[in-house]
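Structure first, commentary second.
What follows draws every value from the coordinates through simple rules; no lab data is involved. All of these numbers come straight from a predicted model, not from anything done at the bench.
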Amino acid sequence: MAIVVIGIAFVVGAAVVVGIALMMSRVPGMMVQQKVDDRLKEIALGDRFETEQADQNNLLKTQNSGPLPGLDAAIGGTARGSAIKAWIEQSGTKASLSAVLLVACLVGAAGALGGFMLTRLAAAAPAGFLGGFGLPFVVLRIKRTRRMRAFEEQFPEALDLISRALKAGHAFATGLKMAAEELQEPVGPEFRKTFEEQNYGLAVKDALDNLTGRIPLLDVRFFATAVVIQRETGGNLSEILENLAHVVRERFKILRQVRVYTAHGRLTGYVLLALPAVLAGALAVINPEHMDLLFRERMGQIMLLICLGMQTAGFLWIRQIVKIEV
């Protein structure tokens, strides 16, 4: 048993050292590349030149290769890798696919070592590794969800701004530029990407398709569809965007009312999730000998693992019950 612990500790330590060494070796090159990119961006913004490209549906984009470019190239071409890369971009995280996977492996190794050291059970090491490996992706999903919600709340302001620009006699591209300059993250940068894509020669339809790919929201698809239809058949685009902004705001009103009505269920889920941990802490203070049995005895350790799994499943089940899409 001691040999197993020493082996796991050696693997984790070696992984940490190798990861730090790789990251440190990449830092000088990344700093130089960042200076070059900043200088090229200044030149591009100053001269506003256009480059002819063989494929008009794609623009030259800089991508962060990360600490392991070979891993990015190998996994990024798969369906699962492309989905993870899209998640990273939608979450607003400035990290590459290889960096996220490297962090997930390090956290998983730490979780495996911690689980084995706490429970002394061989089955706890794989469970700890899976939990630690999935933790960065959970954080990534939370950041993505928050960013999508922030975009959805700011999106009506962008629609109103573009609508007012059209009423004032400006072109649609000018409205996109105004929205990119006036609005904050995440709406401003996303509209800036769309404006720059169509400004450098990409068709408006393709630029809007890229926007809907980066921001997979139904309201953004409505916006892109309305603009494309108006450009093909004509119509009052400013009025359409005003109506769409009004619909989005009304939907948010209904959503907030639904959150008020489901607050009791969500609070119940939080209380039920925290109650066992609070009671365990209180019993550990009142009667430590009684609680030590759960950590010393094999049956108690198994009961703790089962309790943790059932509590997590119950909390997720309650969240699904009170989750109402509007």
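What length, rounded to one decimal in nm, is gained on full extension from residue 311 through to residue 105, with 0.36 nm per residue of separation minus their alpha-carbon distance?
Details: separation 206, 0.36 × 206 = 74.16 nm, distance 2.56 nm.
Difference between extended and current length: 71.6 nm.
For residue 95 and residue 120, the difference between the fully extended length at 0.36 nm per residue and the C-alpha to C-alpha distance is 5.5 nm. Residue-wise HN-Hα couplings along segment 126-137, as the Karplus relation 6.51 cos²θ - 1.76 cosθ + 1.60 with θ = phi - 60° gives them from phi, are x, 5, x, 5, 4, x, x, 5, x, 4, x, 6 Hz; Gly and Pro carry x. Counting 0.36 nm for each residue step from residue 247 to residue 80 and taking away their Cα separation leaves a gain of 56.7 nm.
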